[in-house]
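The structure appears right after this line, and notes come after that.
The values are calculated or read from the model by the stated rules, or taken from the named source; none is laboratory data. Every value quoted in this text rests on a predicted model; they were computed, and no experiment measured them. Reconstructed Cβ throughout: ideal geometry from the backbone, glycine too, with neighbour counts over all protein chains shown. Heavy atoms of the whole protein, side chains included, go into the accessibility calculation; ligands, DNA and RNA do not. Shrake-Rupley method; radii C 1.70, N 1.55, O 1.52, S 1.80 Å.
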Amino acid sequence: LGAALHAQGRLDAAEESYLHAIDIVHEYLGRDDPAASSAHANLGLLRLDAGRLDQAEIDFTRALRLAQCVLGVRSLKLASLHRCLGDCHARRSRWEDALRSRAQALDIFERQCGSTHMQTVHARLDVAHAHMRLSDAARAIGQLRKARAAAAADDGDSDVLVRTSRLLACAHVALGQYADARAELRSAAAADAEAASMLEAVDVLAAASRY
């Protein structure tokens, strides 16, 4: 019920439903029963959508702790929870924490699904984004090249490939590698207006860098 209400945008009613589910688990199974993990995770997603980031972080942390009790540290559910927690940290501009959580998600997805699975590719893009925000463009480039190779090997999603090209261009610009940035954007510009606009901006930056 809570998920349906959440999907309808009825956040207050959805929150009440999730809290009721948690109360039932606590009353009949105990406060530390892993059955409450999903309800805490759903509550965290709702509060993340509502911008209540402190509460969302608490919910995701509780969901992780409870899930680990029965699922171990390598389950796909834990990977998803690490990714959610990473998104919460990112929304708060806590990029070192975001990188840590996103790297844990990537490690699990890669081990359990393989490097070319789209869950792994998206998790790798999240890690690259965190590296960029921490001004570590070289590491970001390494992750982005792996993501693109994996996506291409699996007849990649064109949106993922375009997003990867845009991020690679940003990383190359951060390192002053304007020719590489232009090459990335040219490959995406025909199908993506944002990439085309970025290409014009890179040309301006490259020209300015000569003076």
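What to note about this one:
- For residue 26, the conditions (1) at pLDDT 85 or above; (2) out of contact with any Cys (no Cβ under 8 Å at 6 or more places or on another chain); (3) open to solvent by 30 Å² or more (accessible area, probe 1.4 Å); (4) assigned to a helix (DSSP H, G or I) all hold with the exception of (1).
- Among the residues of region 48-73, none is identified as over 26 Å from residue 134 (Cβ atoms), in contact (Cβ under 8 Å) with a residue 12 or more places away in the chain and among the polar types (S, T, N, Q).
- Flag if residue 142 is closer than 21 Å to residue 183 by Cβ, modelled with pLDDT of 95 or more, open to solvent by 10 Å² or more (accessible area, probe 1.4 Å) and not basic (Lys, Arg): yes
- Region 1-23, subset surrounded by 15 or more Cβ atoms within 10 Å (Cβ to Cβ) and closer than 22 Å to residue 91 by Cβ, residue modelled with the lowest pLDDT: 2
- Cβ separations smaller than 7 Å between residues 6+ apart or across chains give the following pairs from region 133-162 residues that are under 22 Å from residue 191 (Cα atoms) to residues that are open to solvent by less than 80 Å² (accessible area, probe 1.4 Å) and part of a loop (DSSP other than H, G, I, E, B): 150/115; 150/116; 151/157; 153/116; 154/116; 162/192.
- You will find that of 83, 47, 65, the residue that is in a helix (DSSP H, G or I) and either of a type in the set (Asp, Glu) or out of contact with any helix residue (DSSP H, G or I) (no Cβ under 8 Å at 6 or more places or on another chain) (or both) is 65 and no other.
- Those residues of region 30-73 which are open to solvent by 20 Å² or more (accessible area, probe 1.4 Å) and touching a Phe, Trp or Tyr at 6+ places or on another chain (Cβ under 6 Å), in sequence order: 42
- Taken over region 172-192, the residue count meeting the criterion of being within 14 Å of residue 158 (Cα to Cα) and either in contact (Cβ under 8 Å) with a residue 40 or more places away in the chain or surrounded by fewer than 19 Cβ atoms within 10 Å (Cβ to Cβ) (or both) is 3.
- Qualifying residue in region 74-91 (condition: free of Cβ contacts under 8 Å to residues at least 24 places away in the same chain and buried (at least 22 other Cβ atoms within 10 Å of the Cβ)): no
- Residues of region 147-167 satisfying the condition of being open to solvent by 60 Å² or more (accessible area, probe 1.4 Å), more than 27 Å from residue 92 (Cα to Cα) and not aliphatic (A, V, I, L, M): 148, 154, 155, 157, 158
- If only residues of region 193-202 that are in contact with a Lys or Arg (Cβ under 8 Å, 6 or more places away or on another chain) and open to solvent by less than 70 Å² (accessible area, probe 1.4 Å) are counted, the one that is modelled with the lowest pLDDT is 195.
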